[in-house]
Amino acid sequence: MARPERFELPTYRTAICCSIQLSYGRKVRWNYSNFCNKSQPFLKGFCMFHDRADAGEALAKALAKYAGRDDVIVLAIPRGGVEVGAAVAKRLGADFDMIMCRKLQYPYTTESGYGAICEDGTIYINEAAAANVSQSDIYRQIEIQKAELAHRIQHLRGGRALKDVRDKIVILVDDGIAMGSTMIAAISMLRKLHPKKIVVAVPTASPRVVEYLRSIADDVVALYTPEPFYAVADAYANWYDVSDEEVLEILRSMGEDV
């Protein structure tokens with residue numbers, strides 16, 4: 001088996017200072033009871049969004065120009081992106097589906113990764129992030145995530161294929177972007193399906209990754225891009241892991257067959 005093609009994001013210097021960027025009229029919340037930004041003690045309590053549903057509502061406002069069009073489809077990356085994407089799709093009156101992508105995780109942690117794989121087999125690997133990962137570990141992780149993708153397609157999408165996106169405006173949604181591996185892989189997969197336009201839409205993201213995404217997507221909407229960026233969770237007052245059952249419940253509420 002040939003080693004997957006590797007890619008590398010450009011390297012940017014991280015600014016020492018910290019600023020809170022307010023986009024689309026959003027105001028930073030002060031939350032006394034549920035401090036967010038745990039990785040930023042000097043910003044404890046500042047949260048852009050209450051939860052993913054709130055973030056989706058804010059994102060939908062920023063995407064208002066796509067409302068009421070029959071050539072728009074919102075694609076969410078499970079599991080965290082589903083609640084955000086569902087809120088966007090409802091507000092825009094757009095079709096909705098999930099694109100299955102999985103992070104390629106380090107052998108010693110499930111919290112971060114060095115690349116991603118999509119349901120069609122598209123693989124993206126960040127060269128710098130994977131520098132100390134062995135080839136055998138990469139192959140092993142690819143097989144693990146292929147199995148998980150197959151499970152999610154069957155369990156969350158009923159085994160059916162992704163909805164047709166040819167000549168559609170695809171709004172690609174997640175709950176945030178840190179390293180960007182999953183989003184980059186998803187864009188690569190979608191390019192093969194010939195959409196009219198790919199719009200990346202997220203509540204929060206690393207500014208350096210947003211800069212890179214603008215070079216491979218047709219448009220990028222990111223509401224909150226603090227510098228320095230630490231974690232997606234820092235933008236949310238109520239952050240939690242989303243379960244399969246919660247995803248299925250959201251899909252049922254939208255009238256999807258699950």
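The values are calculated or read from the model by the stated rules, or taken from the named source; none is laboratory data. If you're wondering where the values come from, they're calculated on a predicted model, not measured in any experiment. When we count neighbours, we look across all protein chains shown, and the Cβ atoms used for this are built from the backbone with ideal geometry, even at glycine.
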- Taking the stretch 192-209 as the region of interest, how many residues are among the aliphatic types (A, V, I, L, M) and more than 23 Å from VAL165 (Cα to Cα)? 2
- Item | Flag if LYS146 is in contact with a Lys or Arg (Cβ under 9 Å, 6 or more places away or on another chain) and at pLDDT 95 or above | yes
- Evaluate the following for ALA205: is it touching a His at 6+ places or on another chain (Cβ under 7 Å) and surrounded by 15 or more Cβ atoms within 10 Å (Cβ to Cβ)? no
- Task: Check the stretch 212-224 and report whether any residue there is part of a helix (DSSP H, G or I) and within 19 Å of PHE49 (Cα to Cα).
- Result: no
- Task: Give the residues of the stretch 225-258 that are over 17 Å from ARG52 (Cβ atoms), crowded, with 16+ Cβ neighbours inside 10 Å and among the small types (Gly, Ala, Ser), sorted by residue number.
- Result: none
